[in-house]
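Reading through the structure tokens given below for one structure.
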Amino acid sequence: MERVFDFRAQQSASRRGTALLVLLFAALTAVVGGAIGGAVAIAFTYRRDEIRIDEYEPSTAIVLGLLACGVIIAIAWMRFASFGGEGTRVARTLGGEEIHETTTDLDEKRYFNIVEEMAIASAMPRPAAFVMRGEDGINAFAAGSDPERAAVAVTRGALTRLSREELTGVVAHEFSHIANRDSRLNMRLMGMVFGLMALWVAGRTMLQAFRFTGRRSGGRSRGNGGKAIAIVMIVAVTLAVFGFLGMMAGRLLQSAVSRRREYLADATAVQLTRDPVGLSAALKRIGSESHGSRVVNAHAVEARHMYFANASGSISSFGGVLATHPPLIRRITALDPQFDPATDPIWLGMAPRHEDKADAGAEPPQETEPTAGPPRETTASAGPWG
Amino acid sequence: MEIWIIVGIVAVLAVVFVVIYNRLVRLRNGYRNAFSQIDVQMKRRHDLIPNLVETVKGYAKHERETLEAVIAARNQAEKIREKLAGAVGDAHTMAQLGQAEGMLGSVLGRLFALSEAYPDLKANENFQQLQEELTSTENRVAYARQAYNDAAMTFNNVAQTIPSNIVAGLAGFKSAGMVEFEDREAIVEAPKVSFG
């Protein structure tokens, strides 16, 4: 069987896709800022119950538009700075416990060794290794804004249910997120979405306050007071409408960036291991179980973009546009073009699973191993040559 | 006037030379650093083997021949490793080392295959741990080798293409050898130890 996976082509395609989406994000900010600036400048032409478009000053609009963009970026930056870049803190928040070289648990030792191996393959410092002991699904994540402060974490389910090659694929995927600085990109985009959301919240709050004062004064005021209220109302409506639209568009873009980065991380993982089989087998195993990658930790929803695979265990109801991860089948097909969900033994849950060694003795001998595709269960010498 | 043109050309050439030279040095440091990782991991592998042999000896006394072959292959590989420490990137010694490591891999494979016949040995926790350590170390050697070969290839591409090959020739940069492990199939395939 010929392997047709070209990780370099995948990587450049993903990078181009991300660059385009980041540009769209910048354009979105400019449009929202410009719209707000223009609307406020028009509001300033209000005299005696009418808006005089002919007195509209483009320079005012430009200045106000830039101001609005500045406010969005400033809020985003403050939010981004508040996240901090410490991967170990994030890992602990999400229920991870750090493991060390001295661990006596054979599964954990194997995982620790794989992290060491990937550090060598990627020529990066070894990140702190965490295990989420309370999680039975197969999942993992990486956190930290740069390789020096990074952490990787896998669920207990991934440790006990994946073979060595499969776990290596998962860990390599997380290393790729660290190497590609995805965690930082994601935090920045989250900051931008938050900045746009702040405009919406500000506009909404102003509208609520206006309704309150409007009711008290009977809504029949004239002169300067009326003018001020009218201007404030236009500003508030503009902020609320464009802030809301901007926030929704920002979320769509953020999810699209996240999905792109997942493909990129899959491709980079293959560059590290030179073995697309392990990673695709891990993805197939997740697909073979109904809640294969579910994470039960309470913070998982906020951090859903960080995981190896969909953490919520449910499919997004908006036709996938808000999904943080591409569909499993697409990811698998990118790695294994011959993949066929109807016949693949791992996907159908028929391939023998790597069992916890503690119960291995009690297990009846496995049925005959399907010949097509399942990774070799070699534990003694699984070279990355595949 | 003409003198200034000549001076200008010479100055530009000097700057180009310095830039290329520095790039070559950076790339050479890159592959040398990558090589030191291979060396560290091979040392680790060689250090683990006496422990493994001791553990196996307790369970499989009749396999002296295989155990001796493992020790011999290990000592041979260690000798070449030490020799190479003084000549990083030397293609000939590199090839020798690849052969010796491949040899070691295949006798180790035989040893693990043989352990199948001794259930007590397979169940021994110490043996399982050593097996995991050796698996990991072998992967580390392979990944370090991969990182080295990538770095060496980048260096060679620069050192052998125009115009940087002129600088490499003048400054005496030699091409870096790749680490190819002979008998690779044997390393990957032989120790098919299953926990099923």
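The value of relative contact order for the range A:82-137, using C-alpha pairs under 8 Å at least six residues apart, is 44 percent. Listing B:Ile3, A:Ile62 from fewest to most neighbouring C-beta atoms within 10 Å gives B:Ile3, A:Ile62. The distance linking the range A:117-151 with the range B:50-84 is 35 Å (Cα centroid to Cα centroid, whole angstrom). Look at B:Asp90, A:Asp54, A:Asp340 and count the other Cβ atoms within 10 Å of each Cβ; fewest to most, that gives A:Asp54, A:Asp340, B:Asp90. Classify the range B:2-189 from the C-alpha gyration tensor, please: rounded if a/c falls under 1.5, else prolate or oblate depending on whether a/b exceeds b/c. It comes out prolate by the Cα gyration axes. Relative to the dominant Cα principal axis of chain B, helix B:91-115 is inclined by about 20°. Its relative contact order, with pairs defined as Cα atoms under 8 Å and 6+ residues apart, puts the range A:125-207 at 27 percent. Counting neighbouring Cβ atoms within 10 Å and putting the fewest first, the residues A:Lys109, B:Lys122 line up as B:Lys122, A:Lys109.
With both labels modelled 7 Å from their Cα along Cα-to-Cβ, the A:Ala30 to A:His100 distance reads 5.3 nm. Listed by chain and number, the lysines whose alpha-carbon sits under 21 Å from that of B:Lys43, ignoring those within fewer than 8 places in the same chain, are A:Lys109, B:Lys79, B:Lys83. How far is helix B:64-84 tilted, in degrees, relative to the longest principal axis of the Cα atoms in chain B, given as a value from 0 to 90 rounded to the nearest 10? Helix B:64-84 sits at roughly 20 degrees to that axis. Comparing B:Asn139, B:Ala159, B:Leu104 along the charge dipole axis of the range B:41-167, the residue lying farthest to the positive side is B:Ala159, per the Cβ-charge model. With a Förster radius of 51 Å, plug the Cβ-Cβ distance of B:Arg26 and A:Tyr56 into 1/(1 + (r/R0)^6) and report the FRET value to the nearest 0.05. Calculated value: 0.30. What is the distance, in nm, between label points placed 7 Å from the Cα along the Cα-to-Cβ direction at B:Val18 and at A:Thr93? Those two pseudo-labels are separated by 4.8 nm.
Where a number appears in this text, it was derived from the coordinates with a stated rule and is not lab data. Small disclaimer: the values here were computed from a predicted structure and weren't measured. For neighbour counting, all protein chains shown are included, and Cβ atoms are generated from backbone atoms with ideal geometry for every residue, glycine included.
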